[in-house]
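Q: There's a structure below that I have some questions on.
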């Protein structure tokens, strides 16, 4: 084998090695887990998911845990930063299934418009509220985010919430929970948790 061929083979092997290493280091896509708490034992949270299976989620002492509290649709004002899950109708219009009003300190969280996993044609828009318009079916929010804008209709009966304090002591059996987690084999590691408290269940 000539020196030129050997160098080419070595370069190809190095490139493949680097590519496989980069692929291996690509972080796993976060999972969204919804369900009921079965138990909390040490640093392991067991959750029965809506899909019917039961999963184990590893916690750390500093894993963020929050609850929610109900607010009024009228509390959404121009300048609010919100996250709203919505369904896309056959006419292409978005109708909210929930609205989370972020505190000012969390402005910009998850900003954008993207697919969501609460059913077919489900989306999530995290954006600034530019305008609130009263409509016959509730209120229409004119939203803007980096790279785009959306109009979302919020019916009167849709949950409107904001964050409330909670701790890992609130992770009690039977409580509904929403967890953003990183897959770890057949289990998960929690990134952040929203737990039912004072009767307010995570609607997202």
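Q: Put a dot 7 Å past each Cα toward the Cβ at residue 189 and residue 121; how far apart are the dots in nm?
A: 3.9
Q: Compute the length gained on full extension between residue 87 and residue 163: take 0.36 nm times their separation in residues and subtract their Cα-Cα distance, giving the result in nm to one decimal.
A: My answer for the length gained is 25.1 nm.
Q: Given springs between every Cα pair under 10 Å in a Gaussian network model of the chain, which of 179, 133, 101 has the largest fluctuation?
A: It is 133.
Q: With angles folded into 0 to 90 degrees, how steeply does helix 3-25 sit against the dominant principal axis of the chain? Use alpha carbons for both and round to 10.
A: 30
Q: When only Cα pairs under 8 Å and 6 or more residues apart are kept, what is the percent relative contact order across the chain?
A: Relative contact order, the chain: 27 percent.
Q: Among 29, 60, 175, determine the one that fluctuates most according to a GNM of the chain built with springs between C-alpha atoms less than 10 Å apart.
A: Ranking 29, 60, 175 by mean-square fluctuation puts 29 first.
Q: Continuing with the same structure: Would you please give the FRET efficiency between residue 29 and residue 137, computed as 1/(1 + (r/R0)^6) with r the Cβ-Cβ distance and R0 = 35 Å, to the nearest 0.05?
A: 0.50
Q: Express in whole angstrom the spacing between the alpha-carbon centres of region 37-78 and region 189-204.
A: Cα centroid of region 37-78 versus Cα centroid of region 189-204: 3 Å apart.
Q: Taking the Cα of residue 69, stepping 7 Å toward and past its beta carbon, and measuring to each backbone N in region 163-204: which are under 13 Å?
A: The answer is 163-166, 197-200.
Q: What residue among 52, 108, 35 has the largest mean-square fluctuation in a Gaussian network model of the chain, using Cα springs under 10 Å?
A: Comparing 52, 108, 35 in a Gaussian network model of the chain, the most mobile one is 52.
Q: Need one word for region 81-150: rounded, prolate or oblate. Basis is the Cα gyration tensor (sqrt eigenvalues a ≥ b ≥ c); a/c below 1.5 gives rounded, then a/b vs b/c decides.
A: Taking the square roots of the gyration eigenvalues as a ≥ b ≥ c, region 81-150 is oblate.
Q: Moving on to the next point. Scan (1) 164; (2) 115; (3) 195 for the value of volume of the Cα convex hull per residue in Å³ calculated from this model and give just the label.
A: (3)
No lab work stands behind these numbers, since they all come straight from the coordinates. Fair warning: this is a prediction, and the values are worked out from it, not measured in the lab. We place every Cβ from the backbone using ideal geometry, glycine too, and count neighbours over all the protein chains shown.
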